[in-house]
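Participant: Structure below; questions to follow.
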Amino acid sequence: MRGLNVARIRTFFSFVYNDVVFPCAFVEWFTTVGVDSITGMWVVHPDYICNRRHKAVIHLDAILRAAHLIPIYGRNPLPIQINSVVSLDTFKAYYVNKYIDHHAHEIAF
């Protein structure tokens, strides 16, 4: 995706070191799988290290913009418990929606 990575921001925070404020985000990374041949959208899945989500602290300057992730649904109906709060923890892969707006299309594709 043109050198861009997808991450889920869990929280924003800052700290002071030597009288300098460092604004940061605690993120969970996604790995790029490739481009879906039908939709033309990139496919990502949660990144794991030793069976745990790959997490990191990054500086806010490393964030370009928000990405709209669409779950890749299976063939079975979704349980009633699935909602927007748990959706990024539920599915195995997601489309990066390049059709959400003009800027997303131009930047990532």
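The values are calculated or read from the model by the stated rules, or taken from the named source; none is laboratory data. Owing to the predicted nature of the structure, the values given are computational and were not obtained by experimental measurement. Neighbour counts are summed over all protein chains in view; Cβ atoms, including those assigned to glycine, are modelled from backbone coordinates with ideal geometry. Surface areas here come from the heavy atoms of the whole protein model, side chains and all, with no ligands, DNA or RNA. Shrake-Rupley method; radii C 1.70, N 1.55, O 1.52, S 1.80 Å.
Participant: Within the range 1-37, which residues are of a type outside the set (A, V, I, L, M) and touching a helix residue (DSSP H, G or I) at 6+ places or on another chain (Cβ under 7 Å)?
Facilitator: Within the range 1-37, ARG2, ARG8, PRO23, CYS24 qualify.
Participant: Which numbered condition in (1) touching a residue at least 60 places away in the same chain (Cβ under 8 Å); (2) on the phi > 0 side of the Ramachandran plot is the only one that LEU64 fails?
Facilitator: Among (1) touching a residue at least 60 places away in the same chain (Cβ under 8 Å); (2) on the phi > 0 side of the Ramachandran plot, the lone unmet condition for LEU64 is (2).
Participant: So for the range 23-32 (the condition being open to solvent by 60 Å² or more (accessible area, probe 1.4 Å) and modelled with pLDDT under 95), does at least one residue qualify?
Facilitator: Taking every residue of the range 23-32 in turn, none turns out to be open to solvent by 60 Å² or more (accessible area, probe 1.4 Å) and modelled with pLDDT under 95.
Participant: Here is a list of conditions, (1) modelled with pLDDT of 95 or more; (2) open to solvent by less than 70 Å² (accessible area, probe 1.4 Å), and TRP42 meets all of them except one; can you say which number that is?
Facilitator: Unmet for TRP42, out of (1) modelled with pLDDT of 95 or more; (2) open to solvent by less than 70 Å² (accessible area, probe 1.4 Å): (1).
Participant: Same structure, new question: Let me spell it out: the conditions are (1) surrounded by 12 or more Cβ atoms within 10 Å (Cβ to Cβ); (2) farther than 24 Å from GLY34 by Cβ, and HIS54 meets all of them except one. Which number is the exception?
Facilitator: (2)
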